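Trainee: Got a structure for you, questions after.
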Amino acid sequence: MKIAILPGDGIGPEIVTEAVKVLNALGETFEMESAPVGGAGYEASGHPLPEATLKLAKDADAVLFGAVGDWKYDTLERPLRPEQAILGLRKNLGLFGNLRPAILYPELAGASTLKPEVVSGLDILIVRELTGDIYFGQPRGVRECPDGPFKGQREGFDTMRYAEGEIRRIAHVAFQAAQKRGKRLTSVDKANVLETFQFWKDIVTDVHKEYPDVALDHMYVDNAAMQLVRAPKKFDVIVTGNMFGDILSDAAAMLTGSIGMLPSASLDANNKGLYEPSHGSAPDIAGKGIANPLATILSAAMMLRYSLNKTEQADRIEAAVKQVLAQGLRTADIYEAGTTKVGTEEMGNAVVKALA
Ligand code: NAD
């Protein structure tokens, strides 16, 4: 199994080093090869996604990605900025399904802005469609308003659209993810107002016939937003479109209060994927050895589960992370009085030790 390792910028190399260490401690044979991406790609060959990096990612079974970006690149023209590498990878690898778990370990319940009894033990997964919806639909733009009370004024407009195949493939990803978890799926839509999402609901209902072991329900997005902050633990897997998923996944991430703990995956139709922490390159703490590597280590666990079919090894990593938290080890971002503050490397070493 070949894994492309793309550490990127800022804290990227520090946290990816720890995740690689954990993968190497599993006793499996992985072929791993690194390449520069983002600002590091620009420095190496004048482009955030160098051709050799893209080729490596395409040839690999999975990609482990750190983070990209640094304020020093803010003056570059947009196509050369580090963040363009992520869009380029998504497009070239056909990554349309974004999996964002929001997990709150009971030991970190104090980090959430919600009451501990509402969020402690939270373990939900949001599956967001990444390449369609109103974000990419055509036509779009600013034009002269053709009718109504504002006729003749300028108006902005976008087009919400989903093709049947696009809905089917994300529904399959979500049902299959639910099969690997609590076997419950909530499809979030706005079918009461939007034709696109009545169609979405009908197609998801049809795909459900292939997954009789998964319980499916449907929820309007406004209610889903409310339930996420009222009783988030009642969800297992949520599937939704690009725009609703963008908003709901950020809200769900913040329930946990700790950005350094949240992994993510972006998958193609064959479960090949790119795995990365949900946070950015944190230039403010880069090079200080204090970044939390757990989101990246947990992203490596997701890689084992979703792309490499190594569920047992994924479980081992997740159990090791739980164990180090139970031991009271904390990086600065999740530190609380009464726990032991450790750096990036010490945290990685502790996970490796817990694996053993
Ligand atoms: P950020 O997520 O990098 O940082 C936000 C805050 O969280 C900072 O205070 C940072 O120190 C802290 N933080 C983030 N990850 C942490 C970790 N693992 N451990 C401890 N603390 C952590 O977001 P930002 O500051 O808005 O963006 C910085 C750069 O990252 C920008 O160039 C942005 O474009 C880029 N970015 C990249 C990605 C990506 O690579 N996928 C995602 C978001 C932002």
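Readers should treat all values here as calculations from the given coordinates under stated rules, not as data from a laboratory. In this text the structure is predicted, and so the values were computed from the model without any measurement. Methodologically, a virtual Cβ is constructed for each residue, glycine included, from the backbone with ideal geometry; neighbour enumeration extends over all protein chains shown.
Trainee: Which number comes out as Rg/Rh for the range 89-139 once both Rg and the Kirkwood Rh are worked out on C-alpha atoms?
Mentor: Numbers: Rg = 16.3 Å, Rh = 13.4 Å.
The Rg/Rh ratio comes out at 1.22.
Trainee: For n ≥ 4 DSSP H runs only, could you compute -39500 (n - 2.57) per run for the chain, divide by its residues and tell me the 222 nm figure to the nearest 500? List each step's numbers first, then the result.
Mentor: Details: 12 runs with 138 residues, N = 356.
The per-residue figure over the chain is -12000 deg cm²/dmol.
Trainee: Sticking with this structure for a sec: Tell me, what is the FRET efficiency for Asn309 and Phe157 to the nearest 0.05, using R0 = 45 angstrom and their Cβ-Cβ distance as r? Kindly include the intermediate steps, with their values, before the conclusion.
Mentor: On the way: r = 44 Å, r/R0 = 0.98.
With a Förster radius of 45 Å, E is 0.55.
Trainee: Still on this structure, I have one more. Taking 25 °C and 0.890 mPa s as the conditions, I'd like the Stokes-Einstein D for the chain in µm²/s, using the Kirkwood hydrodynamic radius from alpha carbon pairs.
Mentor: Values: Rh = 21.2 Å.
Using the Kirkwood radius from Cα pairs, D works out to 116 µm²/s.
Trainee: Starting from the coordinates of the alpha-carbon atoms of the range 97-267, obtain the Kirkwood hydrodynamic radius over all distinct pairs and give the value in Å to one decimal. Spell out each step's value before the answer.
Mentor: Working: mean 1/r = 0.0588 Å⁻¹.
Mean inverse Cα-Cα distance, inverted, gives 17.0 Å.
Trainee: How far is helix 84-93 tilted, in degrees, relative to the longest principal axis of the Cα atoms in the chain, given as a value from 0 to 90 rounded to the nearest 10?
Mentor: Compared with the principal axis, the helix lies near 80 degrees.
Trainee: Once the piece of chain linking Gln179 and Glu43 is laid out straight, how much longer is it, given 0.36 nm per residue of separation minus the C-alpha distance between them? Don't skip to the end; give the middle numbers.
Mentor: Details: separation 136, 0.36 × 136 = 48.96 nm, distance 4.30 nm.
Length gained, Gln179 through Glu43: 44.7 nm.
Trainee: For the chain, find the longest principal axis of its Cα atoms and tell me its angle to the long axis of helix 195-208, 0 to 90°, nearest 10.
Mentor: Orientation of helix 195-208: about 60 degrees from the principal axis.
Trainee: Working out 0.36 nm times the residue gap between Lys72 and Gln327, then minus their Cα-Cα distance, what length gain in nm do you get to one decimal? Please report the intermediate quantities before stating the final value.
Mentor: On the way: separation 255, 0.36 × 255 = 91.80 nm, distance 3.86 nm.
Once the chain is fully extended between Lys72 and Gln327, it gains 87.9 nm.
Trainee: Relative to the longest principal axis of the C-alpha atoms of the chain, give the angle of the C-alpha long axis of helix 221-230, reported between 0 and 90° and rounded to the nearest 10°.
Mentor: Orientation of helix 221-230: about 40 degrees from the principal axis.
Trainee: Please tell me which of these pairs span more than 24 angstrom C-alpha to C-alpha: Lys322/Lys353; Lys180/Lys310; Lys91/Lys183; Lys234/Lys322; Lys58/Lys322? Mind dumping the intermediate values first?
Mentor: On the way: Lys322/Lys353 13 Å; Lys180/Lys310 12 Å; Lys91/Lys183 30 Å; Lys234/Lys322 22 Å; Lys58/Lys322 33 Å.
Beyond 24 Å between Cα atoms: Lys91/Lys183; Lys58/Lys322.
Trainee: Hull surface divided by four, with the convex hull built on the Cα atoms of the range 1-127: how many nm²? Kindly include the intermediate steps, with their values, before the conclusion.
Mentor: Values: hull surface 39.4 nm².
Across all orientations, the range 1-127 yields a mean hull projection of 9.9 nm².
Trainee: While we're on this one: In the range 159-220, which trypsin sites (Lys or Arg not before Pro) fall in coil by DSSP and have 10 or fewer other Cβ atoms within 10 Å?
Mentor: Sparse-neighbourhood loop trypsin sites (Lys or Arg not before Pro): Lys209.
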